[in-house]
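Written out below as structure tokens is the structure these notes cover.
The values are calculated or read from the model by the stated rules, or taken from the named source; none is laboratory data. These numbers were taken from a predicted model, which means no experiment stands behind them. Heads up, the Cβs are rebuilt from the backbone with ideal geometry, glycines too, and the neighbour counts pull from every protein chain shown.
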Amino acid sequence: MRLVTFVASGKERVGALADGDRRIVDFLAARADAGPAFASMQALIEAGPATLDRASEIAADAQRGSRGMIDTRSVKLLSPLPAPPQLRDFLCFEKHLIQAFTQIQRMRAASAPDPENALREVEKQGAFKPPKIWYERPSFYKPSRFAVCGTDQDVAWPAYSKTIDYELEFACVIGTPGRDIPKEKARAHIFGYTIFNDLSARDEQSLEMLSSLGPGKGKDFDNSNPVGPCITTADEIPDPYALEMAVRVNGEERGRGSSREMHWKYEDCIAFVSRDETIHPGELFCSGTVGNGSGLETGRYVEPGEVVELEVEKIGVLRNRIVRR
């Protein structure tokens, strides 16, 4: 199933996409006695596999009888998890890091008296390569869970920034809690997968990273963490490391990659984070940017009024417009 959270008649509901995404099965409308587990996506995830099986049965029955079916165009889709309990964004793609580091060093060298010589010196120092620690453990930061928004929601350009960038990522949604989870058992803790756009105020980020503490206002502003359009349940994606990914701006493709390029897999990330720490249902573990998935790598950023579309195979398209206030 491809599960969604939406607003209909002023109420937040949970359902499943159907009929080529033209309609949605509203679980509570389809089965009045569905129960509190269908009150929200978080409740559905926490209720466990038996409730997910019931959701599948309700969806199948609704499509046969049309009860509880609504036109997708008549509702507003939210983030499938409007307020996830936790967000963790990893750096799983080596190509993105190498290309991003290279572009950053080229920009810095361009301001030197002898740009070509400055670039050679930087290359000798190994600044184009990810640091050694990146190959030893999965790295992550925690974006603001309060900055999450859904597909087709506008993102207001933060007044303190002149350079806004998109980042093409996808994410796994934790379904089963656990602690000290072995890598070989980590996949069983995944509920499903969604798309994540780690929008960045690059100029602010480049300044604050000098503190060696990590991103702050370079990442966190209202609606800076679009998620959606749905959660595709894990049974629909038996191999999450074979998904094509693409980013378009105003319909023009800007980059393309594949989840097969992940150096660190979700199993690595789950095993690493859960060391002496319990992970919880509804947490999002984001992949980090796929190679060619950001403007930083190409030097082409977003302009006010432009629409960014992130597409991941088997999940769908996450679409947001970046607007001036």
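Exactly one condition in (1) under 24 Å from the mean Cα position of the chain (by Cα); (2) without any contact (Cβ under 8 Å) to a residue 12 or more places away in the chain is not met by residue 24; state its number.
Of everything listed in (1) under 24 Å from the mean Cα position of the chain (by Cα); (2) without any contact (Cβ under 8 Å) to a residue 12 or more places away in the chain, residue 24 misses just condition (2).
Does residue 258 satisfy the condition of being surrounded by fewer than 24 Cβ atoms within 10 Å (Cβ to Cβ) and modelled with pLDDT under 95?
Values: surrounded by fewer than 24 Cβ atoms within 10 Å (Cβ to Cβ): yes; modelled with pLDDT under 95: no.
Criteria not met by residue 258.
Do we find a residue being within 29 Å of residue 206 (Cβ to Cβ), modelled with pLDDT of 95 or more and out of contact with any Gly (no Cβ under 6 Å at 6 or more places or on another chain) anywhere in the stretch 182-195? Full working, then the answer.
Filtering the stretch 182-195 for residues within 29 Å of residue 206 (Cβ to Cβ) gives 194-195.
Right, trim to modelled with pLDDT of 95 or more and you get 194-195.
Remaining after also requiring out of contact with any Gly (no Cβ under 6 Å at 6 or more places or on another chain): 194-195.
Taking every residue of the stretch 182-195 in turn, at least one turns out to be within 29 Å of residue 206 (Cβ to Cβ), modelled with pLDDT of 95 or more and out of contact with any Gly (no Cβ under 6 Å at 6 or more places or on another chain).
Which residues, counting only those in the stretch 187-222, are among the β-branched types (Val, Ile, Thr) and surrounded by fewer than 24 Cβ atoms within 10 Å (Cβ to Cβ)?
To start, the set of residues in the stretch 187-222 that are among the β-branched types (Val, Ile, Thr) comprises 190, 194-195.
Hit for the stretch 187-222 is 190, nothing else.
Look through 55, 59, 50 and report the one residue that is without any contact (Cβ under 8 Å) to a residue 60 or more places away in the chain and either under 30 Å from residue 294 (Cβ atoms) or surrounded by fewer than 16 Cβ atoms within 10 Å (Cβ to Cβ) (or both). Spell out the reasoning first.
Numbers: 55 fails: either under 30 Å from residue 294 (Cβ atoms) or surrounded by fewer than 16 Cβ atoms within 10 Å (Cβ to Cβ) (or both); 59 fails: either under 30 Å from residue 294 (Cβ atoms) or surrounded by fewer than 16 Cβ atoms within 10 Å (Cβ to Cβ) (or both).
Only one candidate qualifies: 50.
Only one of (1) surrounded by 14 or more Cβ atoms within 10 Å (Cβ to Cβ); (2) of a type outside the set (Val, Ile, Thr); (3) closer than 28 Å to residue 40 by Cβ is not met by residue 263, so which one is it?
(3)
Looking at this structure, is residue 279 within 29 Å of residue 85 (Cβ to Cβ), of a type in the set (A, V, I, L, M, F, W, C), surrounded by fewer than 24 Cβ atoms within 10 Å (Cβ to Cβ) and in contact with a Leu (Cβ under 8 Å, 6 or more places away or on another chain)?
Working: within 29 Å of residue 85 (Cβ to Cβ): yes; of a type in the set (A, V, I, L, M, F, W, C): yes; surrounded by fewer than 24 Cβ atoms within 10 Å (Cβ to Cβ): yes; in contact with a Leu (Cβ under 8 Å, 6 or more places away or on another chain): no.
Against the criterion (within 29 Å of residue 85 (Cβ to Cβ), of a type in the set (A, V, I, L, M, F, W, C), surrounded by fewer than 24 Cβ atoms within 10 Å (Cβ to Cβ) and in contact with a Leu (Cβ under 8 Å, 6 or more places away or on another chain)), residue 279 does not qualify.
Could you tell me whether any residue of the stretch 253-269 is without any contact (Cβ under 8 Å) to a residue 24 or more places away in the chain and either out of contact with any Asp or Glu (no Cβ under 6 Å at 6 or more places or on another chain) or closer than 19 Å to residue 89 by Cβ (or both)? I'd like the intermediate steps shown before the answer.
Just the residues of the stretch 253-269 that are without any contact (Cβ under 8 Å) to a residue 24 or more places away in the chain, to begin with: 253, 260.
Still in the running and either out of contact with any Asp or Glu (no Cβ under 6 Å at 6 or more places or on another chain) or closer than 19 Å to residue 89 by Cβ (or both): 253, 260.
Yes: the stretch 253-269 contains one or more residues that are without any contact (Cβ under 8 Å) to a residue 24 or more places away in the chain and either out of contact with any Asp or Glu (no Cβ under 6 Å at 6 or more places or on another chain) or closer than 19 Å to residue 89 by Cβ (or both).
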